[in-house]
Number of protein chains: 2
Amino acid sequence: MTDLRGGSTQVLVLSLLAEEPMYGYQIAKELERRSEGYFDFKEGTLYPLLHRIEKEGLVRGEWQVVEKGPSRKYYSITPEGRKVLEKSAAEWTTFSQRLLKILGQETEPAST
Amino acid sequence: MTDLRGGSTQVLVLSLLAEEPMYGYQIAKELERRSEGYFDFKEGTLYPLLHRIEKEGLVRGEWQVVEKGPSRKYYSITPEGRKVLEKSAAEWTTFSQRLLKILGQETEPAST
DNA sequence: GTCTATACCTAGATTATCTATATACATAGA
DNA sequence: TCTATGTATATAGATAATCTAGGTATAGAC
């Protein structure tokens with residue numbers, strides 16, 4: 001396991017940023033959209049996370065002024081961030097498969 | 001999501017106890033065995049969890065004296081526990097599928 | 001006599017997440 | 001004009017799951 005509890009937010013965020021730079025609000029909306037409303041990240045989760053992974057060097061943030069409306073802070077993934085993403089995506093995949101396998105033990109057995 | 005971060009231990013434990021009553025040490029070993037060493041629950045996680053879900057009425061604990069070696073506290077799942085298991089197993093399944101789907105976005109696309 | 005396995009327990013620290021609140025600009029409606 | 005909603009960021013404080021690290025006790029192996 002190695003500390004897989006929670007931490008799913010990070011891998012999801014990195015996985016989006018691996019496609020293209022995004023700003024916080026956009027990340028939240030995009031994850032919500034892709035999951036059909038399932039993932040609903042709170043601001044109190046997302047922004048501190050972005051600050052943390054920026055400090056850790058996994059992403060780089062850059063302010064961008066918008067004509068109308070508040071400025072946006074665009075985050076782009078770094079090479080280090082891609083490494084972490086690759087590793088933790090693999091870990092989450094393993095974890096999910098292991099979990100589902102054990103939970104699956106007690107699904108309807110194929111008519112014994 | 002509704003608070004899915006962590007909490008995987010509980011659903012795993014309940015899922016084992018849905019098969020048959022087990023004691024703490026046995027649960028740890030069994031999960032380790034079934035996951036080929038992947039799940040490795042620490043005592044500091046497992047025992048407090050068992051106490052909590054017993055207090056919540058999801059399991060019932062019963063001491064059993066063994067001829068040789070320390071006594072064991074066998075836990076059996078309650079009807080309430082089965083309800084919770086069913087619900088959280090479904091939630092974990094959804095969560096895993098959603099997660100894997102989004103992480104899968106950036107796997108090798110089928111040779112475009 | 002010490003080590004390992006079995007079997008339970010708890011205190012304290014860490015940390016991810018949530019709740020709640022704040023700021024600020026734009027627009028639409030009453 | 002006032003208010004509500006959407007956009008966009010931010011932080012303080014609470015909650016809770018997990019880990020670390022210790023402790024007790026029995027039994028068998030070397």
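Average accessible surface for chain B: 61 Å² per residue, computed with a 1.4 Å probe over protein heavy atoms with every protein chain in place. Considering only alpha-carbon pairs that sit under 8 angstrom and 6 or more positions apart, the relative contact order computed for chain B is 30 percent.
Taking both sides together, what accessible area is buried at the B/A interface, probe 1.4 Å, expressed in Å² and rounded to the nearest 100?
Values: alone 8290 and 8320 Å², together 13610 Å².
Chain pair B/A: roughly 3000 Å² of buried accessible area.
Sorted from closest to farthest, the other copies place their A:PRO70 label points 5.3 nm away, with each point set 7 Å from Cα along Cα→Cβ. The B:TYR25 and A:ASP40 beta-carbon pair, evaluated with R₀ = 45 Å, returns a calculated FRET efficiency of approximately 0.70. Placing a label point 7 Å from the Cα of A:GLY104 along the Cα-to-Cβ direction, the distances to the matching points in the other copies come to 1.3 nm, shortest first.
Let me confirm one metric for peptide A:10-18, namely the mean number of other chain beta-carbon atoms within 10 Å of its residues' beta-carbons.
Mean partner shielding for this stretch: 2.
A label point on B:GLN26, set 7 Å along the Cα-to-Cβ line, lies at 5.6 nm from each of its counterparts in the other copies, closest listed first.
The label point for B:GLU80 and the one for A:ALA90, both projected 7 Å from the Cα toward the Cβ, are 4.4 nm apart.
Within the listed set A:GLU56, A:GLU67, A:GLU80, the residue fluctuating most in the Gaussian network model of chain A (springs between alpha-carbon atoms under 10 angstrom) is A:GLU67.
Chain B versus the axis that turns it onto chain A: the residue with the nearest Cβ and the distance in whole Å amount to B:SER96, 2. Accessible surface of chain A, 1.4 Å probe: 50 percent of it comes from carbon and sulfur atoms. Axis angle, to the nearest 10 degrees, between helix A:43-55 and the longest C-alpha principal axis of chain A: 70 degrees. When the alpha carbon coordinates of the protein assembly as shown are projected onto the principal axes, the ranges are 76, 37, 30 Å, largest first. Of A:GLY69, A:GLY57, A:GLY37, the residue with the greatest mean-square motion in the GNM of chain A, using alpha carbon springs below 10 Å, is A:GLY69. Size check on region B:8-98: the Cα extents along the three principal axes, sorted descending, read 48, 30, 22 Å.
The values are calculated or read from the model by the stated rules, or taken from the named source; none is laboratory data. Just so you know, these numbers come straight off a predicted model, no measurement behind them. For neighbour counting, all protein chains shown are included, and Cβ atoms are generated from backbone atoms with ideal geometry for every residue, glycine included. Ligands, DNA and RNA are excluded from the accessible area calculation, which covers all protein heavy atoms including side chains. Shrake-Rupley method; radii C 1.70, N 1.55, O 1.52, S 1.80 Å.
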